[in-house]
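The values are calculated or read from the model by the stated rules, or taken from the named source; none is laboratory data. Note that the structure is predicted; figures quoted are calculated from it, not measured. With ideal geometry, Cβ positions are generated from the backbone for all residues, glycine too; neighbour counts draw on all protein chains shown. In case anyone asks, the SASA skips ligands and DNA or RNA and just uses the protein heavy atoms, side chains included. Shrake-Rupley method; radii C 1.70, N 1.55, O 1.52, S 1.80 Å.
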Amino acid sequence: MAGPGPGPGGTRGTPETPVQVSVIVPVHNSECWLDECLKSVWEQDFEGAMELSIFNDASKDGSAEIIKKWKIRLEEVGIPVIIGSNDSSEPRGVGFAKNQAVIQSSGTYLCFLDSNFIISQVLVSVLMIYDIFLDLDTEGFSLSMKQELWFKDLKEKGKHIQLFLTLRKVDLLVTNLLTNVRVDCCS
């Protein structure tokens, strides 16, 4: 099993290398599973330029402290971490948190990861190898007008949406490598 991060000589996080992939993580009161989620980002074997864009939506538990801890660990292996937060007393919702994380991100490709999920160590690498990042203009998705405007706005900003949670062909190409696992909540 390969170790976490790109190791010495990796290209993540260098100022000369533009970010290829932004992992988007919305957070709200995720203390009991956030460690496992962020560990799965840390364990990625992708050697390209990747960042974590995380938005904490008014969490009242220990989520903020966990995010700070993982920021240090991730940046030690060359994964820049961008943290945004809603510090009001009321959360604005997962859609708001995802949108804010996208806005603050700089990657060309976006990988969405819910804070109660973990991803396989090879997910980002395999998706880049197989070039499964979707071009929504040519895939013929049926979208609402609001979704079309949101996707159009992202594409104009040079972002590409990667929907790894819903792609069935991923499972056919790399069986069991791309498994997303929901982490059981602590009781």
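Quick rundown of the values:
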| quantity | calculated |
| --- | --- |
| Counted residues, the range 114-132 - those being at pLDDT below 55 and open to solvent by 20 Å² or more (accessible area, probe 1.4 Å) | 1 |
| Single condition V124 does not satisfy, out of (1) assigned to a loop (DSSP other than H, G, I, E, B); (2) out of contact with any Ser or Thr (no Cβ under 8 Å at 6 or more places or on another chain) | (1) |
| Residue in the range 50-63 that is touching a residue at least 60 places away in the same chain (Cβ under 8 Å), touching a strand residue (DSSP E or B) at 6+ places or on another chain (Cβ under 9 Å), more than 23 Å from S120 (Cβ to Cβ) and crowded, with 18+ Cβ neighbours inside 10 Å present | no |
| Residue that is nearest to the chain's Cα centre (by Cα), among those in the range 34-80 that are assigned to a helix (DSSP H, G or I) and among the aliphatic types (A, V, I, L, M) | V41 |
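Yes/no matrix, rows are residues, columns are (1) modelled with pLDDT under 95; (2) open to solvent by 80 Å² or more (accessible area, probe 1.4 Å); (3) farther than 17 Å from Q20 by Cβ; (4) out of contact with any helix residue (DSSP H, G or I) (no Cβ under 6 Å at 6 or more places or on another chain):
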| site | (1), (2), (3), (4) |
| --- | --- |
| E65 | no, yes, yes, yes |
| K71 | no, no, yes, yes |
| I82 | no, no, no, no |
| S85 | no, no, yes, yes |
| R92 | no, yes, yes, yes |
| G95 | yes, no, yes, yes |
| K98 | yes, no, yes, yes |
| I103 | yes, yes, yes, yes |
| Y109 | yes, no, no, yes |
